[in-house]
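Visitor: Have a look at the structure that comes next, please.
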Amino acid sequence: MTLDGSRLFGYRRWGLVRRIVVTSVGMLLCIQLAMLVVVRSSIEESVANNLRKELESSANVWNRLVEQNAQRLQLGASLLAADFGFRSAVLSGDAQTIESALENNGARIGATVAGFLDNQFNLTAMANPQENESLKKTLETLTRSMAADQQTGQMALTNGRLHQYVLVPVRAPLMVGWVVMGFPVDESLARDMVSLTATHVLMVQRNGNSDGVSILHTSLDRGPDFDLKTVATADHELTINGEAYALFHIPQASVARDVKVILLRASGPARQVFGYMTMSLLVITALGLGLFAVGSMGLARRLSRPLDALVTDTERLGRGDYSQPVVDLGQHDEVGNLARSFDRMRQNIQASQAEIRQLAYWDRLTGLPNRAEFREMLHALLNAPEHQAGSVSVLILDLDRFKHINDVLGYAFGDKVLQAAASRLRDLSEQVNGHAARMGGGQFGLMLRDVDLNQALAVAHKITAALDVPFSLDGQMVDLRAGIGIARWPEHASDVDVLLGHAEVAMYTAKRKRAGVQVYDPALDSGSALTLSLLSELRQAIDQNELRLFLQPKITLGNHQVIAAEALVRWQHPTRGMVPPMEFIPFAEQTGYVSHLTLWMLEEAARQWAGLQPASGMMRIAINLSTRDLMDPDFAAKVDALLARHNAPREGFCLEITESAIMDDPQRAEITLNQLSSSGYKLSIDDFGTGYSSLAYLKRLPVNELKIDKSFVLGMEHSESDAQIVRSTIDLAHNLGLTVVAEGVENAVVYHLLANLNCDEGQGYYMSKPLPCTEFNAWRDLWTQKNI
C-alpha cells in the first residue's frame, strides 16, 4: 500500500509525540507480524512433521498387528502340517481324512478357508468342499504368488471379504504340499489400532479398472459429508465431517493389489496445542504493543516538552529579546546540551548586539555619541511629554583646516587632534548640562535644552574660545578654529532632521563668511526653490545646446608658457542668462546627472581640441571628473570612444579628480584610475588639501599632478602657516615625482612666491579668468607677446 502526497504531508504535520509513537509502534507491529508469520509457518511445518512421524509409527504398529495375527494363524496351520495323521493322510491320498482335518483344525483356530495344495499348487483338498470354483482358482493363484515371493502371509479378497492367508509347507520328510488357511479380517483389527495409537484405519477395495472404490472396513464415523472417493485418493490431508485428518498410505507389500489400507490421524489435537501457543504469543504481542506505545509516548513527551520550551525561547530570541535566559531544563542529555547551547548563543548574540549598538551609535575614537545616536537623543527629547513647552538649541561645529592637518601631519596626529577637541567639548557640555556628539570627520554637535538664543550664543562663543587655546600634541602646537551653526526648536524646525539640516546650513554659512558663529535664518537657503527649478531645466540643456565650454589657462611659472587649460562648463539659460556653475553642478552631482555633464565636456573638448593647439608643441585640456564617473566600470572605455570619434590623442588630456571623489570608494576609484592611466591620460588630484587623503595614500595612485587648493594659495601672502603648507606640499609632491599646479593665483606677488617655491604651474585670475573657447586663442597670442 502506498501513501499519496496529501496523506504523507498530513503525517509530516503531526506533532512530534504522535509521530514518535506511531513510528515506534508501527515498526514493532511490523516486526511482531513478521515474527507471527514465521512462527505460524514453523508451527504448521512442525505439526505436519509430527503427524507424519506419528502416522509412520502407527503404520509400524499396524504392520506389527498384522504380523502378530499372521504368526498366530501360521502357528495353527503349522500344527496341522506337522500332525502325523495329517501327513499320513496326505501320503496315502486319503482326501476324506485331509478334508476333515482341514475343517476341524480351521474351525479350531477360526479359519474360514482351509485347503491343501500339492507341490504344483493344485488344490487337492479343501474344508467345506462345497466352495465355488472361483475360490479354488483364487487360492491356487495366491499360493503360487506367495511361494514365489517367499511370503508366509498376505491379505487378499475372497468372495468379497478380506482375508489374511498363511501358507505352510508339509514335509514327510520331503515337501509333499502346502497348507493354506485364510482368516477373515474385520473391524476389530481397526478398533485395536484406534485404541493403541488413536489412528483410524480405512481399508478400501478398488473396483476393477474404474475409479470407483468401496469400503471394506473402517474405524471412522461415516457422516453425511463422508466422500469415500476423496478419502481414497487424497495424498496428505483432508477434511472429514468438518475435522482435519492427516493420511498415510501403507505400502502394498502384504496386501492384495486391489486393496488399499489408509491410516488417518486427526490433526486438530496437535494443532490445538500450538494454537494455544499462538494465542499466547498474540496476547504477549498485544501487551507489548500497549506497553511500547505507553513507553514511547512517555519518552516522546519527555523529549517534546523541553523542545516546546526551547521553541518558546527561540521565538522570543527571534523577536530580539535577549534579556531573559533560555530555560534550564536540568537535563544532562542531548536536549539539555541543546538548551545550554541556545543560552550560550543568546549570551553571545546579546554581547554582539551590545557591541554592534556601541559601534553603531558611539564614536570609538572620541568616545562621544555619533550622529545616529545624537539624532535619537534629540528625537527623544523633542517628543518627551515633559518637554513639550520647552526649547532646544542645536549647535553644529566643523573644525577649520582639519583635513590639512591630516594631509601634512598624518592621520594618527589628526586622530589625536580630534580626541583633544572632543575632550574640551565634552567638558564644556557637562558644564552647561548639554550633550555632545561627533557627527563625522571634523564635525561635532552639541544639544542644549531650555536655553534661550543668547545663552546658546554664549555657549558657542565659549566653544570658540576653548578651541582658540593651542593644543600641544607630540611636541607640536596646533591652533584650531571652527565654524558654528545654531538652530532652535521650535522656532526654526518642527522635527529632528529639519532642525539638524538648518543647523548645518547655518554652520556652512559661518565657515563661508568666516563669521565663527551663525544663527539659522530662512534667508540662508531662500534660493533652494530656484535651484530645484534650474535642475529640472538642466536635464534639457544638453539637448537644446544651452551649455558652453570655457577654458582657464594654466601657465608654467618658470617660462610663462601656456601649457594647458582647464575646461569649465557654463549654462547659457534662455531666460535667466549665464547661470553660475555653483548653482547647478552640486545638485547635478546629487542626482547623478553630473555624469552626463562630464561626457558632454569630454565630447566638446575633443571636438575643439585640434583648433586650440598652438603653432608649436601641444596644449592639454583638463577635464574634472566626479565620484560617479569613478564608480562607472565602463568610464575608461567611454572616454576612449569619445576621443577616437574626434581623432583627439589621449596624451592631450588631463583628467582631474577631487580627493573627496576618490575617498568615497577608494578601491573602485583606484581601479578606474589605473584603467585611465594605462590608456595614457594624465591624472591630477584637484583641490588637494581639502579632502581626507594623504600624500602617503596618493603614492599608491597612478596620478601625475597635484593642484593645491586656492584657499591656501590666497592666504599664503599674509599667513605664514598657509605659506608653510604650500611649501611642504610642493616639496613632498616633487619627492613623489609629481608636478604641482597652484590654483587661485590672484596677483603678481603670489605668482612670484610660487615661482620661487619651484611650483610647476599656476592658474588664476591674475593670468586670466575662464574664457569662451572662441576667445582663447586670441588671449593666448596676447599673453605670449607680453611675456616673451
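Visitor: When you scan the stretch 363-384, how many residues do you find that are in contact (Cβ under 8 Å) with a residue 24 or more places away in the chain, open to solvent by 40 Å² or more (accessible area, probe 1.4 Å) and either among the charged types (D, E, K, R) or in contact with a helix residue (DSSP H, G or I) (Cβ under 8 Å, 6 or more places away or on another chain) (or both)?
Guide: The total comes to 5.
Visitor: Would the stretch 90-102 turn up any residue that is surrounded by fewer than 17 Cβ atoms within 10 Å (Cβ to Cβ), outside any helix (DSSP H, G or I) and of a type in the set (D, E)?
Guide: yes
Visitor: Any chance you could count how many residues in the stretch 416-434 are at pLDDT 90 or above and farther than 19 Å from V469 by Cα?
Guide: The number of residues fulfilling the criteria is 0.
Visitor: Does G762 satisfy the condition of being small (G, A, S) and either surrounded by fewer than 18 Cβ atoms within 10 Å (Cβ to Cβ) or more than 30 Å from V478 (Cβ to Cβ) (or both)?
Guide: No: the conditions fail for G762.
Visitor: Got a sec? Which of L630, L568 is hydrophobic (A, V, I, L, M, F, W, C) and under 22 Å from E775 (Cβ atoms)?
Guide: Result of the check over L630, L568: L568.
Visitor: Looking at (1) open to solvent by 30 Å² or more (accessible area, probe 1.4 Å); (2) within 27 Å of E67 (Cα to Cα); (3) assigned to a helix (DSSP H, G or I); (4) at pLDDT 65 or above, which is the only condition R305 fails?
Guide: Checking R305 against (1) open to solvent by 30 Å² or more (accessible area, probe 1.4 Å); (2) within 27 Å of E67 (Cα to Cα); (3) assigned to a helix (DSSP H, G or I); (4) at pLDDT 65 or above, the one that fails is (2).
Visitor: Next question. I'd like to know if the stretch 651-672 contains one or more residues that are surrounded by fewer than 20 Cβ atoms within 10 Å (Cβ to Cβ) and farther than 30 Å from I405 by Cβ.
Guide: yes
Visitor: Among the residues of the stretch 692-712, is there at least one that is out of contact with any strand residue (DSSP E or B) (no Cβ under 6 Å at 6 or more places or on another chain), part of a loop (DSSP other than H, G, I, E, B), at negative phi and of a type in the set (V, I, T)?
Guide: Looking for residues that are out of contact with any strand residue (DSSP E or B) (no Cβ under 6 Å at 6 or more places or on another chain), part of a loop (DSSP other than H, G, I, E, B), at negative phi and of a type in the set (V, I, T), one finds none in the stretch 692-712, hence no.
Visitor: Taking interchain pairs and intrachain pairs at least six residues apart, which have beta carbon atoms under 7 angstrom, with the first residue in the stretch 87-115 and closer than 20 Å to L75 by Cα and the second among the hydroxyl-bearing types (S, T, Y)?
Guide: V113/T158
Visitor: Within the stretch 385-425, count every residue that is open to solvent by 50 Å² or more (accessible area, probe 1.4 Å) and out of contact with any Gly (no Cβ under 8 Å at 6 or more places or on another chain).
Guide: The qualifying residues number 13.
Visitor: Just for strands (runs of 3 or more DSSP E) wholly inside the stretch 123-184: which have at least 3 residues that are modelled with pLDDT of 80 or more and open to solvent by less than 10 Å² (accessible area, probe 1.4 Å)?
Guide: Strands (runs of 3 or more DSSP E) meeting the threshold: 161-171, 175-184.
Visitor: Moving to a separate point now. Determine, yes or no, whether L55 is part of a helix (DSSP H, G or I) and either exposed (fewer than 14 other Cβ atoms within 10 Å of the Cβ) or out of contact with any helix residue (DSSP H, G or I) (no Cβ under 6 Å at 6 or more places or on another chain) (or both).
Guide: yes
Visitor: From the residues in the stretch 575-586 that are more than 27 Å from W609 (Cα to Cα) and outside any helix (DSSP H, G or I), which one is most open to solvent (accessible area, probe 1.4 Å)?
Guide: Of everything passing the filter in the stretch 575-586, T575 is most open to solvent (accessible area, probe 1.4 Å).
Visitor: Which one of these does I109 not meet: (1) β-branched (V, I, T); (2) closer than 30 Å to P251 by Cβ; (3) open to solvent by 60 Å² or more (accessible area, probe 1.4 Å)?
Guide: Failed condition: (3).
Visitor: Among the residues of the stretch 746-768, what is the count of those that are over 16 Å from N559 (Cα atoms) and touching a strand residue (DSSP E or B) at 6+ places or on another chain (Cβ under 7 Å)?
Guide: Residues meeting the conditions: 2.
Visitor: May I pose another question? Could you give every pair whose Cβ atoms fall below 6 Å, whose first residue belongs to the stretch 535-563 and is under 30 Å from G617 (Cβ atoms), and whose second residue is among the polar types (S, T, N, Q) and open to solvent by less than 60 Å² (accessible area, probe 1.4 Å), counting only separations of at least 6 or pairs across chains?
Guide: P553/S768; K554/Q763; H560/N787; I563/T556
Visitor: Enumerate the pairs (first residue in the stretch 456-474 and more than 15 Å from A436 (Cα to Cα); second residue anywhere and open to solvent by 60 Å² or more (accessible area, probe 1.4 Å)) with beta-carbon separation below 6 Å, excluding pairs fewer than 6 apart on the same chain, so at least 6 apart or on different chains.
Guide: Within 6 Å, the pairs are P470/M477; P470/D479; L473/K416.
Visitor: Considering each residue of the stretch 761-788, count those that are farther than 15 Å from A565 by Cβ and in contact (Cβ under 8 Å) with a residue 40 or more places away in the chain, and give that number.
Guide: 1
Visitor: Next question. Any residue in the stretch 139-158 that is farther than 20 Å from D186 by Cβ sitting within a Cβ distance under 7 Å of a residue that is open to solvent by 20 Å² or more (accessible area, probe 1.4 Å) and among the polar types (S, T, N, Q)? List the pairs, counting only those 6 or more apart or interchain.
Guide: E140/N122; M146/Q154; T152/Q74
Yes/no matrix, rows are residues, columns are (1) touching a residue at least 60 places away in the same chain (Cβ under 8 Å); (2) of a type outside the set (D, E, K, R); (3) farther than 18 Å from K554 by Cβ:
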site	(1), (2), (3)
W609	no, yes, no
G617	no, yes, no
N624	yes, yes, no
A641	no, yes, yes
A644	no, yes, yes
F653	no, yes, no
D665	no, no, yes
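Visitor: Among residues belonging to the stretch 591-614 that are assigned to a helix (DSSP H, G or I) and over 19 Å from F776 (Cα atoms), point out the one that is most open to solvent (accessible area, probe 1.4 Å).
Guide: H596
Visitor: Another question about this same structure. Tell me which residues, restricted to the stretch 565-574, are small (G, A, S) and part of a loop (DSSP other than H, G, I, E, B).
Guide: Answer for the stretch 565-574, where residues must be small (G, A, S) and part of a loop (DSSP other than H, G, I, E, B): there is none.
Visitor: Being surrounded by fewer than 17 Cβ atoms within 10 Å (Cβ to Cβ) and either among the hydroxyl-bearing types (S, T, Y) or within 41 Å of the chain's Cα centre (by Cα) (or both) narrows it down to one of D640, D634, so name that one.
Guide: Step by step, each of D640, D634 is checked, and only D634 is surrounded by fewer than 17 Cβ atoms within 10 Å (Cβ to Cβ) and either among the hydroxyl-bearing types (S, T, Y) or within 41 Å of the chain's Cα centre (by Cα) (or both).
Visitor: Residue check: is A733 within 60 Å of the chain's Cα centre (by Cα), touching a residue at least 24 places away in the same chain (Cβ under 8 Å) and closer than 30 Å to L673 by Cα?
Guide: So A733 passes the test.
Visitor: I'm trying to understand the selection: among the residues of the stretch 151-189, which are more than 22 Å from V261 (Cα to Cα) and not aliphatic (A, V, I, L, M)?
Guide: P169, R171, P173, G177, W178
Visitor: Consider S188 against the criteria (1) part of a strand (DSSP E or B); (2) of a type outside the set (K, R); (3) at pLDDT 75 or above: it satisfies all of them except one. Which criterion is unmet?
Guide: S188 satisfies all of (1) part of a strand (DSSP E or B); (2) of a type outside the set (K, R); (3) at pLDDT 75 or above except (1).
The values are calculated or read from the model by the stated rules, or taken from the named source; none is laboratory data. Just so you know, these numbers come straight off a predicted model, no measurement behind them. Virtual Cβ from ideal backbone geometry, glycine too; neighbours counted across all protein chains shown. Ligands, DNA and RNA are excluded from the accessible area calculation, which covers all protein heavy atoms including side chains. Shrake-Rupley method; radii C 1.70, N 1.55, O 1.52, S 1.80 Å.
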